[in-house]
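Working notes, structure below.
The values are calculated or read from the model by the stated rules, or taken from the named source; none is laboratory data. Quantities reported herein were computed from a predicted structural model and do not represent experimental measurements. Glycine gets a Cβ as well: all are built from the backbone with ideal geometry, and neighbour counts include every protein chain shown.
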Amino acid sequence: MKVDKKTVEDSMAESVYSVLPADTNIYGNLFGGKLVEWIDSIGALVGHRHSRKNVVTANIDNLSFLEPIRLGDSVILNAWINYVGTTSMEVQVDTHREKKDDCLRVLACTAFLTYVAIDEDGRPTPVPELILKTEEQKKRFREAQQRKETRLQKKV
């Protein structure tokens, strides 16, 4: 089965959310679980765009909450492919909070997620190779390979 090659830019995505009262805890901060839901959703979209297949979340790696996100803030999620294997893809999601008072964007969370493309029967299926056009993309690819190797070593 022939699988085409795609660039990082072919599958990039951005989502923007407003933090509403139902999304916050008693301190007025966004629930971490709500942010993880948004991160997984945009990550799956990027995986689907790259593979043109249904995808399942195989791993959430190194999810770091860096800044609180507050009621009334805007949340901007940017996601892209860092790495592809035979059937899996690593997606990086950077989350920024945009403060309601000054519209200043601050990095609030980073996450690396692994998705596996599946066929109609739910079995892993090949994904397109990744064309790396910039030095930054090549660096991210290498770093993703290292994260994958670390995860595989932990399984043993």
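Some points to look at:
- Any hit, the stretch 93-104, residues being of a type outside the set (Gly, Ala, Ser), under 16 Å from ARG49 (Cα atoms) and either at pLDDT below 95 or not in a loop (DSSP other than H, G, I, E, B) (or both): yes
- Single residue of GLU129, GLU120, GLU90 found to be out of contact with any Ser or Thr (no Cβ under 9 Å at 6 or more places or on another chain), touching a residue at least 12 places away in the same chain (Cβ under 8 Å) and either closer than 20 Å to ALA44 by Cα or surrounded by 15 or more Cβ atoms within 10 Å (Cβ to Cβ) (or both): GLU129
- Here the condition is being under 26 Å from LEU152 (Cα atoms) and surrounded by fewer than 16 Cβ atoms within 10 Å (Cβ to Cβ); of VAL84, VAL106, VAL56, VAL36, it holds for VAL56 alone.
- Looking across the stretch 71-91, the residues that are out of contact with any Gly (no Cβ under 8 Å at 6 or more places or on another chain) and more than 20 Å from ARG52 (Cβ to Cβ) come down to GLY72, ASP73, SER74, VAL75, ILE76, LEU77, ASN78.
- Failed criterion for LEU132 (all others in (1) among the hydrophobic types (A, V, I, L, M, F, W, C); (2) out of contact with any Leu (no Cβ under 8 Å at 6 or more places or on another chain); (3) under 23 Å from GLY32 (Cα atoms) hold): (3)
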